[in-house]
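Chemist: Below is a structure I'd like to ask you about.
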Amino acid sequence: MIYADNNGSCPLNKKVVEYLSTRLASGPYANPNAIHSLGRKMNFGLEKCRMTCAKVLGAKANQITFNSGASEGISHVFHSTLSERTDGKDVIITSGLEHSCVVNASKYYEEARGYKRLVVKSTADGIVDLEHLKSLLSENKNKIALVALMAANNETGVIQPYIEIAKLCSEFNAEYFCDTTQFIGKTEFNFQESGIDYAVVSGHKIGAIIGSGLLLAKDSSKMKPLVFGGAVQELGIRGGTQNYIGAETLAVALEEFDKNKSDLSRVNELRMKFEKNIKAKFPEIVIIGENSPRLSSTTLLSLPGVHGQAVQIELESNDIFVTTSSACSDNEPATSKVLKSMGVDDKVGRGIVRISFCMGVTSDSYEYLETTLTNAYSKLSKIHSY
């Protein structure tokens, strides 16, 4: 089997599996907020995980709040920055490239809370237009409540100029939330150096267990509880007994990424070789964001006239698992909103196949994928899908 949907959800990291096999069998288990010795032991372990995550992410330990994943983290940021404003700032700036979670949060605060949502244009290469962003910031000076622009796109793998965005936001005194869900664990990241105000991590995107995650906040004191609980739980920022097993796997997964990040260049070379070979066989293939910086593990491609879901079925019959966009919109046969924002037409958009690996992918996997995809395109290009 070849699993090429790591942007959707990554299999457990081998070190995480090894850790869990011992941890779950031997314990101990206790409430990390209890004052007895076992509780204190759990809390010490949790704080050790916080420090490990902080070290890898270039953050301070007190900037990290453990949670259930990026969707909760995104909702928490929007709630904290937008729910109780009294300063007259009523503008949210986002883009057409954002994940559905950010889009839906923005729409909620626009429709239910009266915020004005502005959308930054994106280029045909899948990058936010910095000049347009600067214009929006300038035109709405002192009115910006939140800027929400991602670091790397979940469909295209295109890396955004998030450091430049952070500098612009700082210049106009606007808080910047950067959706780093697809970025952290797939390439190097340093929170302190980024200039970002808020960022998020989902455990299942980096090889930790599902239901684990964390929120990075430059100033955690600004966070308002989204989930209420005891005052000692995550310093009152996030209620509920902490998922300390999940936090432990986050620390293991992030530490493993940090140890093996030199492998990123090899993964990138494999991707580039694959793309070159498949384009040589099918010159009409479109690789979305081909001219932009992209994650080393992600390829979004289309053979116009061949339906992406048909390709997906052909590949799955050969034990290769891919998607046609993101897991949140994979059942929709139309061109995704992300691609539409880039100006991609339906002839290309309906043929999309997303291939996303993780570090450790082998040349054999790419070679088998290339052979199988070649056969699928050769077969399906004889049929007019639409």
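What follows is calculated from the coordinates using simple rules that are stated; it is not laboratory data. These numbers come from a predicted model, not from an experiment. Positions of Cβ are generated from backbone atoms using ideal geometry, with glycine treated the same way; all protein chains shown enter the neighbour counts.
Chemist: Springs between alpha-carbon atoms under 10 Å, Gaussian network over the chain: tell me which of V201, V267, V17 tops the mean-square fluctuations.
Modeler: Largest GNM mean-square fluctuation: V17.
Chemist: Rank these for me by crowding, H132, H99, going from fewest to most other beta carbons within 10 Å.
Modeler: H132, H99
Chemist: Can you tell me the 0 to 90 degree angle between the C-alpha axis of helix 70-82 and the longest principal axis of the chain, rounded to 10?
Modeler: Result, in degrees: 60.
Chemist: Still on this structure: Taking the number of other C-beta atoms within 10 Å as the exposure measure, put K224, K279 in order starting with the fewest.
Modeler: If I rank by nearby Cβ atoms, fewest first, I get K224, K279.
Chemist: Here's another thing I want to ask about it. Dividing the convex hull volume of the Cα atoms of region 230-386 by its residue count, what figure in Å³ per residue is obtained?
Modeler: Enclosed volume per residue, from the Cα hull, is 163 Å³.
Chemist: Now, a different point. Among H36, Y108, T81, which residue has its Cα furthest toward the positive end of the charge dipole of region 27-164, with +1 on Lys/Arg Cβ and -1 on Asp/Glu Cβ?
Modeler: H36
Chemist: Okay, moving on. Could you state the number of Å between the C-alpha centres of region 261-325 and region 338-385?
Modeler: Each part's Cα centre sits 5 Å from the other's.
Chemist: Assigning unit charges at the beta carbon (Lys, Arg +1; Asp, Glu -1) and nothing else, what dipole magnitude in debye, to the nearest 20, does the chain show about its Cα centre?
Modeler: Result for the chain is approximately 540 debye, rounded to the nearest 20.
Chemist: Given charges of +1 on the Cβ of Lys and Arg and -1 on the Cβ of Asp and Glu, with all other atoms neutral, how large is the dipole of region 211-308 about its Cα centre, in debye to the nearest 20?
Modeler: So the magnitude is around 280 debye.
Chemist: Here is a further query. Normalised by the residues of region 14-259, what does the relative contact order come to in percent, with Cα pairs under 8 Å and at least six apart?
Modeler: 26 percent
Chemist: Placing unit charges on C-beta atoms (Lys and Arg positive, Asp and Glu negative, everything else neutral), compute the dipole magnitude of region 246-364 about its Cα centre in debye, rounded to 20.
Modeler: 480 debye
Chemist: At 222 nm, what helix-only mean residue ellipticity would the chain give, in deg cm²/dmol to the nearest 500, using -39500 (n - 2.57) for each DSSP H run of four or more?
Modeler: -12500 deg cm²/dmol
Chemist: Can you give the angle from 0 to 90° between the axis of helix 162-171 and the longest principal axis of the chain, with both taken from C-alpha atoms, to the nearest 10?
Modeler: Here the helix axis deviates by roughly 50 degrees.
Chemist: At a 10 Å Cβ-Cβ cut-off, how would you order F274, F282, F177, F44, fewest neighbours first?
Modeler: Ordered by Cβ neighbours within 10 Å, fewest first: F44, F282, F274, F177.
Chemist: What's the angle, to the nearest 10 degrees (0 to 90), between helix 37-57's Cα axis and the longest principal axis of the chain?
Modeler: So the helix axis and the longest Cα principal axis differ by about 50 degrees.
Chemist: Cross-link candidates for K116: which lysines have Cα within less than 30 Å, leaving aside residues fewer than 8 places away along the same chain?
Modeler: Leaving aside lysines fewer than 8 places away in the same chain, those within reach of K116 are K89, K107, K134, K141, K143, K167, K218, K222, K224, K337, K340.
Chemist: Using only alpha-carbon positions, what ratio does the radius of gyration of region 39-182 give when scaled by 2.2 N^0.38 Å?
Modeler: This ratio for region 39-182 stands at 1.13.
Chemist: Find the centroid of the Cα atoms in region 168-200 and in region 83-149, then give the distance between the two in whole Å.
Modeler: Going from one Cα centre to the other spans 15 Å.
Chemist: Continuing with the same structure: Take every DSSP beta bridge whose two residues both sit in the chain, then give the antiparallel share in percent to the nearest 5.
Modeler: Here the share of antiparallel DSSP bridges comes out near 55 percent.
Chemist: Which GluC sites (Glu not before Pro) from region 134-225 combine a DSSP loop assignment with at most 15 other Cβ atoms within 10 Å?
Modeler: Answer in residue order: E188.
Chemist: Between S100 and K337, what length in nm is gained on full extension when 0.36 nm per residue of separation is reduced by their alpha carbon distance?
Modeler: So the chain would gain 84.4 nm between S100 and K337.
Chemist: So, one more: Using a Gaussian network model of the chain whose springs link C-alpha atoms within less than 10 Å, name the residue from F183, F357, F172 with the highest mean-square fluctuation.
Modeler: F172
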